[in-house]
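Asks: I have a structure I would like to understand better, so I am pasting it below and will then ask my questions one at a time.
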Amino acid sequence: MARFALGIDVGTSGVKGVLIEPGGRLVAEAYAPHDLRSPYPGWSEEDPEDWWRGVVSVCRQLLVNRDPREVVVVGCSGMVPALVLLDESGHSLRPAILQNDARAIKEIEWLRRNLDQEQLFARTGGYTNQQHVGPRLMWIQRHEPEIWRRTRLVVGSYDYIAYRLSGALSLEINWAVESGLFDIYRRTWDEMFLQASHLQEELFPPVRFPTEIIGEVTREAAEATGLAPGTLVVAGSADHVASALAAGLREHGDLLIKFGAAGDILYCMDRLETHPRLYIDYHDIPERYLLNGCMAASGSLVKWFVTQVLGEEGESATYRRLDEEATAVPPASDGLIVLPYFLGEKTPLFDPEARGIFFGLTLSHSRGHMFRAILEAVIYGFRHHLEILQERGYPIRRVLATDGGVRSALWRQIAADVLGLPVEAHLGHPGSALGVAFVAGMGAGLFQDWTEIEAFAGPAYWNEPNPEAHRRYQEAYRLYRDLYEALKPLFPRAGRLSGG
């Protein structure tokens, strides 16, 4: 009777759930929205209770007209490293602080001054940055001392949902890796970095690998969700890692480019190596690792242009019309270059003061030129990441593309032409929820081999590079890179004028 794996993904805008079974069948999907809160500039928070209500809704949607005993196992993925503070009774003490929260500026500056950053990189794989857990917990200590006094445990978004389902407290290993407090080679908390942030190891539950069974659905959780008591629960996965698994990123040399609101780039390796201009994660697949980058704005820049500059609603028909106009424009947009740093830039520049630029505008340029130049700019950002991988001698076995932007045949072709490589895209797969459902299925023995994930991929769309377009983009890309270097000294002045 038992045959399904259930995957739950806690995202910034809602909870998504899927049911899958061996053989590549996606049985059902469900979604429940929730709200992001930003009560002050730079803050990014959500209520963990909203997540749980979403999980309850999603589970009940998925189980309509189904026997809950058919579900063998549940896995959760989510934003990383989100922060959920628990009291001694296991209740959340305040809204969760999300991974893109930027409040802990002073704490980051203090740690950068007082921690040996090269030693930090050598042991954790990264330098102090706004995604790290230490600065945010220091902010809580300083600004919310009563909350801190009552804090007994710290968990992440998907760890919290796994806890609500099973009653078992754990941290999936990539939360630990991205915390900035974890020795990625020894797989232990680093005492020196804990002390620098005024933290104790007892704050953190045991670190687990994605497929580890951490417990079973409790009777209380079963009554809320409709799941059967005793259903297995695994440790789960970071959302971007689960998404990479679902996309088919499996072998050394596989590269994934994600056309989402932010532009994510993930590179699969069969050995643990770090890069000073990229992040590092463990893959869900044992003995595989992911170098990854994140561009602050990609799809969000496209949406900004459509809604704020053009004043359109951002409906599908609008994007199709703009695609048609941009397709009529030649590669490199007749000399129009966009720097896509409208939210500063994360990797590989790590420059929060960078700004967006439209360069080379003339009266002969149309909105089709501007739209195409934005699409090209995002791919130039992907090319920048590809370049620093190739500088290290990393081979590119294949390029995969996912997320909403791959629905644009033009954008996929621009990617192939700029990168000079074939691009394989899979449209419409459920991403992280599918990936973590498969992780759960591997943990429970529903699947026997990681290659079985391919059965869920759906049809592939291939775009081959056009040699003439690639040649033209080579020149445009160099101008793109030179523009940033030339303007870099001026960006702080722009920030001062805007109060940034």
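None of the figures in this text is laboratory data; all of them are computed from the coordinates on show. Predicted, not measured: the structure shown is a model, and the values here were computed from it. Glycine also receives a Cβ, built like all others from the backbone with ideal geometry; neighbour counts cover every protein chain displayed.
Asks: Could you grab the relative contact order for the stretch 150-213? Cα pairs under 8 Å, six or more apart, rounded to a whole percent.
Replies: Numbers: 60 pairs, mean separation 25.4, N = 64.
So the answer I get is 40 percent.
Asks: Right, another one. I want to check the label-to-label distance for Q390 and D67. Put each point 7 Å from Cα in the C-beta direction and report it in nm to one decimal.
Replies: 5.6 nm
Asks: What whole-number distance in Å separates the alpha-carbon centres of the stretch 1-35 and the stretch 403-477?
Replies: The two parts, judged by their Cα centres, are 20 Å apart.
Asks: A further question follows. Among [x] 128; [y] 254; [z] 145, which one is volume of the Cα convex hull per residue in Å³ computed from these coordinates?
Replies: Label [z] holds the value from this structure.
Asks: What's the exposure ranking of M269, M295, M79, going from fewest to most Cβ atoms within 10 Å?
Replies: On the way: M269 19, M295 27, M79 23.
By the 10 Å Cβ count, ascending, the order reads M269, M79, M295.
Asks: In the chain, once you exclude exposed chymotrypsin sites (Phe, Trp or Tyr not before Pro) (DSSP loop, at most 13 other Cβ within 10 angstrom), what's the longest stretch remaining?
Replies: Longest run free of exposed loop sites: 1-184.
Asks: If one computes the Cα centroid of the stretch 317-347 and of the stretch 78-143, what distance in Å separates the two points?
Replies: Here the answer is 35 Å between Cα centres.
Asks: Restricting to DSSP loop positions (anything but H, G, I, E, B) with no more than 12 other Cβ atoms inside 10 Å of their own Cβ, which GluC sites (Glu not before Pro) remain in the stretch 1-100?
Replies: E88
Asks: Compute the helix-to-body angle for 133-143: its Cα long axis versus the longest principal axis of the chain, expressed 0 to 90° and rounded to tens.
Replies: 70 degrees
Asks: Quick one: of K106/K258; K258/K346; K106/K303; K106/K346; K303/K346, which pairs are farther than 22 Å apart, Cα to Cα? List each step's numbers first, then the result.
Replies: On the way: K106/K258 32 Å; K258/K346 15 Å; K106/K303 32 Å; K106/K346 19 Å; K303/K346 19 Å.
The pairs that break the limit, which is 22 Å between Cα atoms, are K106/K258; K106/K303.
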